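The structure under discussion appears below in the form of structure tokens.
The values are calculated or read from the model by the stated rules, or taken from the named source; none is laboratory data. In this text, all values refer to a predicted model and were calculated from it rather than measured experimentally. Here the Cβ positions follow ideal geometry from the backbone for every residue, glycine too, while neighbour counts run over all protein chains shown. Note: accessible area is taken over every heavy atom of the protein model, side chains too, but ligands, DNA and RNA are not part of it. Shrake-Rupley method; radii C 1.70, N 1.55, O 1.52, S 1.80 Å.
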Amino acid sequence: MYTSKLNRGADMHIFSTDKFKSVTMCILLRLPLKRETATANALLASALMQGCGGYRTRRQIERRLEDIHSVMSSDILKKGEEHIIQLFVRTLPEYFDEAAQLAGNILLRPLFNNEEACKRELEASINSLVNDKRRYAFEKCIENMCENEAYGISGDGYIRDINSVSLNMHYNYVMQNAKTDIIVVGNIDRDRAEESIRRGIPLDATDASLEPCNYLYYPPSIKEITEEMDITQGKLCVGFRLNIDPSGDDWYKAIVANELFGGGASSALFNKVREKDSLCYYITSKLLRLKSIMITEAGIDSENRDKVLDIITSAMQELSAEDMENAKKNITDSLKIAQDRPESIMDSFLGSLIAGRMMSLDETIKKINDVRDIDGVFDDCHIDTVFMLSGGGTVPNDGHNK
Amino acid sequence: MTDIISKRLENGAMCYVLPKKGYNEKEVMIAFNYGSADTEFSDKNGRVKQTCGIAHFLEHKMFDEKDGNVFDSFSKLGLSANAYTDFNTTAYYFSGCENLEKGMDILMRMVGSLYLTAENIEKEKGIITQEINMYEDDPYWQIYFNTLKAMYGKNPIRYSIAGRTEDIENITEEELRKSYESFYTYENCAVIVCGDVNCDAVTEQAEKLKLGRGSAERTVCADDIYKREYSIGMPVEQSLYHIGYRADPRIDIKDRICISNIIMDILCSPSSALYERLYEKSFIDSSFGYEVLQGKDYGCTLIKGEGNNYRGIAEEIDKEIKNMLLSGIDGKDVRRAAERLKTRMLFSCENISPLVSYTADCFSKNTEVLDIYDNYDKIDVDDVMLYLKKQFDENNRVLSTVGKA
């Protein structure tokens with residue numbers, strides 16, 4: 001990855017490879033995640049492609065994209081305690097210059113034509129979170145777990161704040177305060193990409209500063225929350241505080257331990273809860289690196305909540321390192337496989353930017369392979385929150401005639 | 001676009017090699033042209049009607065071996081294995097960076113034998129019940145099958161892939177064996193390998209696959225629309241809607257796929273006049289989109305999204321179609337849509353996993369990825385107009401919704 005300064009507050013990172021036929025670029029406007037700006041950021045992200053200088057409507061932008069064989073989208077990301085407005089572009093190498101120009105136009109000369117429609121759209125999308133029960137339970141678990149930390153703020157924003165946002169005003173605020181990173185991955189010469197970006201996206205300098213995430217937290221007691229909903233399958237979500245420094249060497253131990261615990265089809269949780277006791281279809285655990293949090297998710301019969309929770313806690317205490325070599329191989333392979341997708345190259349690069357620890361793929365693989373044991377990895381780990389989305393009502397178990 | 005080397009093996013199975021130079025990941029899939037919709041067929045003993053969900057149940061059982069679970073054998077090689085069942089395909093696959101050859105041996109051994117015991121069948125019922133329950137609560141899944149139910153009175157694609165809990169309760173060893181023997185044969189099998197691989201070595205290895213021969217004859221199902229509207233309530237905040245158009249499955253499948261996509265792109269993609277109008281009225285938002293679903297004896301296009309103004313949307317779509325039929329479509333718009341769809345295909349074929357699944361899907365539908373890609377260039381404005389007139393008729397339309405319970 002080649003990095004070059006665009007100006008004070010903006011960097012570009014170019015990874016040139018002929019492995020792909022296309023070129024992918026993301027422009028990231030990075031801001032601290034705050035309650036006051038969460039909704040406005042989310043709204044701005046969804047309104048960014050409504051029009052711009054030269055292409056005054058969404059439709060004109062889309063027609064232009066067709067002409068230059070490109071796709072573009074804008075969305076909002078929550079990464080650690082950062083809130084990031086992303087403009088994502090995919091194009092063919094011969095159209096990169098045009099695509100960069102259009103992206104620059106959208107970013108620097110936007111027209112917020114349909115502010116009202118955009119507001120209704122955001123409201124609808126916040127409302128539709130509940131349609132996906134698994135994601136809903138996950139978000140609720142995090143919200144409760146981090147209620148006094150920035151990480152507990154919803155990245156999608158809040159319905160009650162929508163109407164008071166002024167897009168033009170907030171746009172100006174973002175352009176003055178965001179730290180910008182542009183990442184390009186694909187079949188394009190480094191110098192050509194750099195030149196196209198400098199010409200097409202002439203950003204103004206900002207004085208942006210982003211605080212690192214706090215990852216230490218010792219829960220005074222376990223928060224147990226149950227929400228009832230008229231559903232057939234309950235969703236259990238358990239949040240652990242690991243208290244392990246995400247940019248220290250012990251983090252690699254945590255990655256290996258998580259893989260053994262609930263990483264995949266050979267993990268302890270999968271074998272105990274699904275294969276041995278037939279209590280679920282899915283059970284996994286994953287790490288939220290920047291907050292040093294581990295989340296275990298399972299879809300179960302609500303009445304089995306306590307049983308499954310017991311298996312989870314005892315599985316953690318009894319976790320064996322017997323399969324460690326396999327787990328390490330799974331992890332290093334997925335790191336390598338991530339290099340086959342432009343989106344995951346960008347995503348892991350962004351993760352390192354935020355964590356403030358840059359490492360090459362080979363170095364990371366070496367760190368994983370250097371893990372000798374998982375002794376004591378969970379010594380400082382505490383359950384913070386147990387969230388259960390529970391099937392309270394009755395749903396007829398009939399797929400044919402509802 | 002992307003290289004695809006396809007070859008009929010001497011043993012009768014198809015083999016597709018999808019070279020991806022420089023990629024770390026390799027994926028091997030063994031796919032059978034057999035899915036949830038193949039519950040009715042004839043063999044030498046006459047007509048057979050099987051339980052809904054049998055193909056998916058069998059998929060789960062293929063991972064059991066005498067000495068345990070095949071997942072572990074893959075995992076020991078640093079490979080991760082999985083499988084899926086859809087209407088027409090059951091696919092087993094693994095991916096990883098090394099040990100491709102050993103993994104392929106295990107995969108071939110796995111699909112080449114069936115290990116069933118009363119105990120392992122019972123155990124699976126618990127797991128699959130949880131899987132079915134997960135989908136019971138998923139409004140996107142529910143609306144999808146309600147749309148298909150509304151569109152088809154008899155065709156088994158109207159039933160959920162995993163079946164119902166009360167169906168699978170009664171699945172027996174004998175029925176699973178019947179399903180395996182009828183469809184897990186060379187004639188129904190494709191071996192698909194993707195990544196930075198040696199093509200000759202892979203095809204040579206695939207020759208060693210051991211399967212039965214022949215194939216049961218599937219009952220082709222032709223029927224009428226069951227219901228024009230299908231509405232249910234669920235715990236959702238936003239209503240979900242599908243506006244579906246049935247298509248005549250006797251039309252060549254490549255044409256159905258390409259032309260439906262071109263029509264959708266011109267009619268209601270974000271670059272269309274209709275999209276702009278509906279968006280400005282706040283009838284639609286970014287959840288609005290479409291899906292083209294085409295198979296051997298079924299075919300449809302689904303326009304879908306979230307929001308409460310679905311009747312208004314359906315009306316506007318109808319009006320726009322009538323308008324297009326009246327004033328015609330510009331040939332340039334057809335080319336523009338075709339090019340856009342080809343570019344999107346190229347983008348998605350850069351990733352190994354969608355490319356492999358797409359190849360399997362095409363195999364089960366008797367076509368190939370590159371044939372579809374090339375077919376976009378052959379479609380002209382007259383094809384589009386004719387298809388629009390016949391297939392996007394009001395009489396072919398159903399509306400399905402999930403509202404707040």
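Does any residue of the range B:366-384 turn out to be within 14 Å of another protein chain (Cβ to nearest Cβ) and under 23 Å from B:HIS242 (Cα atoms)?
Scanning the range B:366-384 turns up no residue that is within 14 Å of another protein chain (Cβ to nearest Cβ) and under 23 Å from B:HIS242 (Cα atoms).
Residue-by-condition table, conditions (1) more than 27 Å from the chain's Cα centre (by Cα); (2) under 28 Å from B:PRO354 (Cα atoms); (3) at pLDDT 95 or above:
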position: A:SER278; (1), (2), (3): yes, no, no
position: A:LYS286; (1), (2), (3): no, yes, yes
position: A:ILE293; (1), (2), (3): no, no, yes
position: A:THR296; (1), (2), (3): no, yes, yes
position: A:ASP301; (1), (2), (3): yes, no, no
position: A:GLN317; (1), (2), (3): yes, no, no
position: A:ASN326; (1), (2), (3): no, yes, no
position: A:ILE345; (1), (2), (3): no, yes, yes
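Just to verify a result, which residue in the range A:141-163, among those that are in a helix (DSSP H, G or I) and over 26 Å from A:MET388 (Cα atoms), is nearest to the other protein chains (Cβ to nearest Cβ)?
Going through the qualifying residues, I end up with A:ILE162.
Hey, can you tell me all the residues within the range B:279-290 that are in contact with a helix residue (DSSP H, G or I) (Cβ under 6 Å, 6 or more places away or on another chain) and more than 10 Å from chain A (Cβ to nearest Cβ)?
Of everything in the range B:279-290, just one residue is in contact with a helix residue (DSSP H, G or I) (Cβ under 6 Å, 6 or more places away or on another chain) and more than 10 Å from chain A (Cβ to nearest Cβ), namely B:TYR290.
Considering the range A:243-270 alone, what residues qualify as being buried (at least 21 other Cβ atoms within 10 Å of the Cβ), in a loop (DSSP other than H, G, I, E, B) and modelled with pLDDT of 95 or more?
A:ILE244
Just need a number here: residues in the range A:87-106 that are open to solvent by 10 Å² or more (accessible area, probe 1.4 Å), within 14 Å of chain B (Cβ to nearest Cβ) and not in a strand (DSSP E or B).
Result for the range A:87-106: 5.
Of a type outside the set (Lys, Arg), open to solvent by less than 20 Å² (accessible area, probe 1.4 Å), farther than 22 Å from B:CYS15 by Cα and in contact (Cβ under 8 Å) with a residue 40 or more places away in the chain: is that true of B:VAL48 in this structure?
When the stated conditions are applied, B:VAL48 does not pass them.
Determine which single condition B:ARG213 fails, assuming it passes every other condition in (1) within 28 Å of B:LYS7 (Cβ to Cβ); (2) open to solvent by 40 Å² or more (accessible area, probe 1.4 Å); (3) within 14 Å of another protein chain (Cβ to nearest Cβ).
With respect to (1) within 28 Å of B:LYS7 (Cβ to Cβ); (2) open to solvent by 40 Å² or more (accessible area, probe 1.4 Å); (3) within 14 Å of another protein chain (Cβ to nearest Cβ), B:ARG213 is out only on (3).
Only one residue in B:SER282, B:SER231, B:SER272, B:SER286 is small (Gly, Ala, Ser), out of contact with any Phe, Trp or Tyr (no Cβ under 8 Å at 6 or more places or on another chain) and surrounded by 20 or more Cβ atoms within 10 Å (Cβ to Cβ). Which one?
B:SER272 is the lone residue from the list that is small (Gly, Ala, Ser), out of contact with any Phe, Trp or Tyr (no Cβ under 8 Å at 6 or more places or on another chain) and surrounded by 20 or more Cβ atoms within 10 Å (Cβ to Cβ).
Take A:VAL174 and tell me if it is open to solvent by less than 10 Å² (accessible area, probe 1.4 Å), assigned to a helix (DSSP H, G or I) and of a type in the set (A, V, I, L, M).
Yes, satisfied.
Of all residues in the range A:212-222 being open to solvent by 50 Å² or more (accessible area, probe 1.4 Å) and in contact (Cβ under 8 Å) with a residue 12 or more places away in the chain, which is farthest from A:LEU309 (Cα to Cα)?
Here the answer is A:PRO212.
So that you can scan it fast, the table gives a plain yes or no per residue for (1) surrounded by 15 or more Cβ atoms within 10 Å (Cβ to Cβ); (2) assigned to a helix (DSSP H, G or I); (3) polar (S, T, N, Q); (4) not assigned by TED's automatic domain parsing to the domain that holds A:ALA42:
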{"residue": "A:GLU139", "(1), (2), (3), (4)": "yes, yes, no, no"}
{"residue": "A:VAL165", "(1), (2), (3), (4)": "yes, no, no, no"}
{"residue": "A:HIS170", "(1), (2), (3), (4)": "yes, yes, no, no"}
{"residue": "A:THR180", "(1), (2), (3), (4)": "yes, no, yes, no"}
{"residue": "A:GLU194", "(1), (2), (3), (4)": "yes, yes, no, no"}
{"residue": "A:ALA205", "(1), (2), (3), (4)": "no, no, no, yes"}
{"residue": "A:LEU210", "(1), (2), (3), (4)": "yes, no, no, yes"}
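Each row is one residue, and each column tells you yes or no for (1) part of a helix (DSSP H, G or I); (2) surrounded by fewer than 17 Cβ atoms within 10 Å (Cβ to Cβ); (3) within 14 Å of another protein chain (Cβ to nearest Cβ).
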site	(1), (2), (3)
A:GLY299	no, no, yes
A:ILE312	yes, no, no
A:ALA315	yes, no, no
A:LYS366	yes, yes, no
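For the range B:14-34, does any single residue satisfy the condition of being more than 23 Å from A:SER334 (Cα to Cα), assigned to a loop (DSSP other than H, G, I, E, B) and either without any contact (Cβ under 8 Å) to a residue 60 or more places away in the chain or in contact with an Asp or Glu (Cβ under 6 Å, 6 or more places away or on another chain) (or both)?
The answer is no, given that none of the residues of the range B:14-34 is more than 23 Å from A:SER334 (Cα to Cα), assigned to a loop (DSSP other than H, G, I, E, B) and either without any contact (Cβ under 8 Å) to a residue 60 or more places away in the chain or in contact with an Asp or Glu (Cβ under 6 Å, 6 or more places away or on another chain) (or both).
Kindly check whether there is at least one residue in the range A:55-67 that is assigned to a helix (DSSP H, G or I) and of a type in the set (Ser, Thr, Tyr).
No, there is no match, as no residue in the range A:55-67 is assigned to a helix (DSSP H, G or I) and of a type in the set (Ser, Thr, Tyr).
Mind listing just one residue for me: the one in the range B:318-353 that is open to solvent by less than 30 Å² (accessible area, probe 1.4 Å) and free of Cβ contacts under 8 Å to residues at least 24 places away in the same chain and, of those, farthest from A:LEU92 (Cα to Cα)?
Per the criteria, the residue is B:ASN351.
Out of the residues in the range A:75-86 meeting the condition of being assigned to a strand (DSSP E or B) and of a type in the set (D, E, K, R), tell me which one is farthest from the other protein chains (Cβ to nearest Cβ).
A:GLU82
Hey, any hits in the range B:150-165 for a residue that's away from every other protein chain (no Cβ under 14 Å), in contact with a helix residue (DSSP H, G or I) (Cβ under 6 Å, 6 or more places away or on another chain) and open to solvent by less than 60 Å² (accessible area, probe 1.4 Å)?
no
What pairs come out if I take residues in the range B:162-178 that are on the phi > 0 side of the Ramachandran plot and pair them with residues that are assigned to a loop (DSSP other than H, G, I, E, B) whose C-beta lies under 7 Å away, six or more apart or interchain?
Pairs found: B:GLY163/B:THR51; B:GLY163/B:CYS52; B:GLY163/B:GLY53.
Considering only the range A:55-72, state which residues are more than 9 Å from every other protein chain (Cβ to nearest Cβ) and farther than 16 Å from A:LEU111 by Cβ.
A:ILE68
Inside the range B:67-144, counting only helices (runs of 4 or more DSSP H) that do not spill past its ends, which hold 1 or more residues that are within 11 Å of chain A (Cβ to nearest Cβ), crowded, with 21+ Cβ neighbours inside 10 Å and in contact with a helix residue (DSSP H, G or I) (Cβ under 8 Å, 6 or more places away or on another chain)?
Because the criterion is at least 1 residues that are within 11 Å of chain A (Cβ to nearest Cβ), crowded, with 21+ Cβ neighbours inside 10 Å and in contact with a helix residue (DSSP H, G or I) (Cβ under 8 Å, 6 or more places away or on another chain), the helices (runs of 4 or more DSSP H) in the range B:67-144 that meet it are B:70-76, B:118-136.
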